[in-house]
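Enquirer: Sharing a structure with you now.
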Amino acid sequence: MGQLQKNSRNRRSVMRINTIAEVHQSKTAAPLGTVCLLYSHPLVLEDYQKLLSASGFRIEARQLDTSLAFDPEKLDLPVVQVFIVDTLALPEAIQLLVAEIRAGFPKSRQIVVGAKLSAESAFPLFRIGVTGLLTHDQARRYISRAVSRVAEGGCWAPRNLLASYLDAIANKQLVRTVADLTHRERTVLELLKLNRSNREIAYDLNISESTAKFYVSQLLAKFKVQSRTDLIMLFSNLP
């Protein structure tokens, strides 16, 4: 009888320890997310299911029409945080599909996986709000990490493409700012790019040195830089 009571107490202790451990785990474990995968080939679904389920994600899969006639209503898309678009479709078709997804699910984020990535295919996707870009080879290694990063509000894309895109945006802004300059400001800018001093600018334009200084200050403010050296460097980085 004494042994039975002892065993009973031991079992209750083990159950209590297990219960405490489960409660602690439920409080500390990150919630599992659901990802919607839009795919065109059945083997892709199998690969992603293995990779993402191992990281705690659940997949809602929708197979895309191989005719490339994407119809979001027929796909019956779920409400999820991240959509993965893996397709061999033409870039224009992918852009149209992603735009439809963003219109229907404005709080969602999108990852596009393709055979290869280039500035020509990536830049339009960046412009419409895609924050994840991978090739098929990269997806086999990094898809779980990419989904986590994008779901948290980050970006997952090849550094060279992202850097080129940001440079292109900066260059466009630079061109627009130049276009808004007055004739006199453009003249001063050209002399600044030649590393002329305020005194030299004043002499070349037959204006006072204080007026030359004023125009230089105006240019620094318009291009949002701190010094004339920064301004010169800004234009030296143009392609």
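Enquirer: Against the definition (modelled with pLDDT of 85 or more and assigned by TED's automatic domain parsing to the domain that holds residue 111), how does residue 140 come out, yes or no?
Expert: So residue 140 fits the description; yes.
Enquirer: Search the range 180-231 for residues being surrounded by fewer than 15 Cβ atoms within 10 Å (Cβ to Cβ) and in contact (Cβ under 8 Å) with a residue 24 or more places away in the chain, and hand back the single one that is nearest to residue 168 (Cα to Cα).
Expert: Filtering first and then ranking leaves 180.
Enquirer: Taking the condition of being under 17 Å from residue 160 (Cα atoms) and assigned to a loop (DSSP other than H, G, I, E, B), how many residues in the range 125-142 meet it?
Expert: So the count comes out to 2.
Enquirer: Separate question: Going residue by residue through the range 97-110, is there one that turns out to be assigned by TED's automatic domain parsing to the domain that holds residue 39 and part of a strand (DSSP E or B)?
Expert: yes
Enquirer: Being among the hydrophobic types (A, V, I, L, M, F, W, C) and part of a helix (DSSP H, G or I) is the filter; apply it to the range 186-204 and report the residue that is nearest to residue 223 (Cα to Cα).
Expert: 189
Enquirer: Out of 115, 146, which single residue is in contact (Cβ under 8 Å) with a residue 24 or more places away in the chain, under 15 Å from residue 86 (Cβ atoms) and exposed (fewer than 14 other Cβ atoms within 10 Å of the Cβ)?
Expert: 115
The values are calculated or read from the model by the stated rules, or taken from the named source; none is laboratory data. Bear in mind the structure is a predicted one, so any value in this text is a computation, not a measurement. As a convention, Cβ positions derive from the backbone with ideal geometry for all residues, glycine included, and neighbour counts pool all protein chains shown.
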